[in-house]
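Here is the structure we will look at, set down as structure tokens.
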Amino acid sequence: MANMNIEDVFTKMSLSGKSAVELMEKNKTASSNADVDIYYLQVNQYTGTSKDSVADGRLAILCSTHNVRIYDSTRLVRTATINGSEAQVSKVRFGHNSPDLVYTCSLDSKIRSWDLRTKLEAPASTFKASGNTSASFLSFDMTHNDRFLCAGTKLHKENVYVYFWDHRQPDSVGCYEDLHSDDITQVRFHPNKQDMLLTASDDGLVNCLDISQPSEEDALLYTLDTTSTPDKLAWLDDDSAFISTFCNTAYIWNTDTGDESVKRNLEHFQDQVKTHRVDYLVDCFLNSCNSPTLLAGNDKCDGLLFTLSEEPSTHLGTLPSAHSEWIRACCYNKTSQSLYTVGEDALLCCWKPSESVKASPSNSRSAKAGHAKSAKDRKPYARP
């Protein structure tokens, strides 16, 4: 893990310099229920490289209405909407090779890719499990070169599956059946090694796999038992991963040895800050120094930033009243040093270092039409 120098990143953070946009307004069409609150579920940013600087700045937002909205991350302006799946969308992700391709997986057991250069009336491609399985897809990911895809399923007739695809074929080319005993809510390929895969399930287990091995049994390298339900899962570097649980425990897991490098609960983070409560964990991201930074939240909707390493955590700063409801997730752009947060108030907020924040009307938070209720159960694929 890189040496910590994380304080230099967020001491410059303008805690009042926040840009925001009304992400999910009420649907005003006569055929829909305008009284239903719409709120955020997930955010994903394009992290590949392209010659199109505008495309490089895209964000994909998964809405509770099961559509996906594409935003220009610089201007926080919506540029496209994907409405193509009648089934509930459970995950959204950009491809790595092209900023014009967005992928979704749905509870109808399909992964779809969408070309943002088209009218988005139909998917560019569709991937389904061989044998037309009825197991709903809850999670998916792609290798760093977009060559292979995988998806984790919901528990179906006492079985859960991890399916694999070659990007050139619509039907799955392989399947693991014995990794977990409950819903597989996260699957994450290694950012550089296409044979390394992490899976996380509601059974409390996180698995590290080498899928180049000839059998499922041989592929399983290590298992971490969180004794809870995993929430977020991400690779941090070549040999470590971040895991958080719905019981608000954060791990850094050494995937070379299978050992816990770091395990922190809410009390640990609360001990680092006396002026604010710490009520839940949001997610972890790598800052511009490639050091892990944890975002937490509280019932007052503040965002709290902490270091996360083998040393005791340091409270880096607070994003006061970051949202008016719970913060759901975040993502960080290293190039612009911009932190994006999204909450149940249906706002997408952009936080930047103070020198790049300009005092203008566009930097003030717009009001949401309606009010989203607070959540206690923050399942990533169902309304709390």
Point to revise | Residue list for the range 284-334, filter: of a type in the set (A, V, I, L, M, F, W, C), part of a loop (DSSP other than H, G, I, E, B) and over 21 Å from Ala346 (Cα atoms) | key: Cys289, Leu308
Exercise for review: Evaluate the range 77-88: report whether one residue or more is in contact with a Ser or Thr (Cβ under 8 Å, 6 or more places away or on another chain), open to solvent by less than 20 Å² (accessible area, probe 1.4 Å) and at pLDDT 90 or above.
Suggested key: yes
Practice item. Tell me the strands (runs of 3 or more DSSP E) entirely within the range 167-259 that contain at least 3 residues that are modelled with pLDDT of 95 or more and not small (Gly, Ala, Ser). Key: 184-189, 196-201, 205-210, 220-225, 230-237, 240-245, 250-254
Check your understanding: Can Phe140 be described as in contact (Cβ under 8 Å) with a residue 40 or more places away in the chain and touching a Cys at 6+ places or on another chain (Cβ under 8 Å)?
Key -> yes
Exercise for review: Quick one: count up the residues across the range 190-243 that are open to solvent by less than 20 Å² (accessible area, probe 1.4 Å), out of contact with any Pro (no Cβ under 7 Å at 6 or more places or on another chain) and among the β-branched types (Val, Ile, Thr).
Suggested key: 2
Check your understanding: Can you tell which of Ser288, Ser309 is closer than 25 Å to His144 by Cα, hydroxyl-bearing (Ser, Thr, Tyr) and open to solvent by 10 Å² or more (accessible area, probe 1.4 Å)?
Key -> Ser288
Review point. Has the range 115-131 got any residue that is in a loop (DSSP other than H, G, I, E, B) and among the basic types (Lys, Arg)?
Key: yes
Check your understanding: Is it fair to say Leu107 is more than 24 Å from Cys208 (Cα to Cα), open to solvent by 30 Å² or more (accessible area, probe 1.4 Å) and hydrophobic (A, V, I, L, M, F, W, C)?
Key -> yes
Exercise for review: Might you check whether a residue that is of a type in the set (Ser, Thr, Tyr), open to solvent by 10 Å² or more (accessible area, probe 1.4 Å) and over 21 Å from the mean Cα position of the chain (by Cα) occurs anywhere in the range 264-285?
Suggested key: yes
Exercise for review: State all residues of the range 222-270 that are charged (D, E, K, R), over 12 Å from Leu205 (Cα atoms) and in contact (Cβ under 8 Å) with a residue 40 or more places away in the chain; if no residue qualifies, say none.
Suggested key: Lys232, Asp237, Asp238, Arg264
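The values are calculated or read from the model by the stated rules, or taken from the named source; none is laboratory data. Nothing here was measured: the structure is a model prediction, and the numbers come from that model. Glycine gets a Cβ as well: all are built from the backbone with ideal geometry, and neighbour counts include every protein chain shown. Keep in mind that these areas ignore ligands, DNA and RNA; they rest on the heavy atoms of the full protein, side chains included. Shrake-Rupley method; radii C 1.70, N 1.55, O 1.52, S 1.80 Å.
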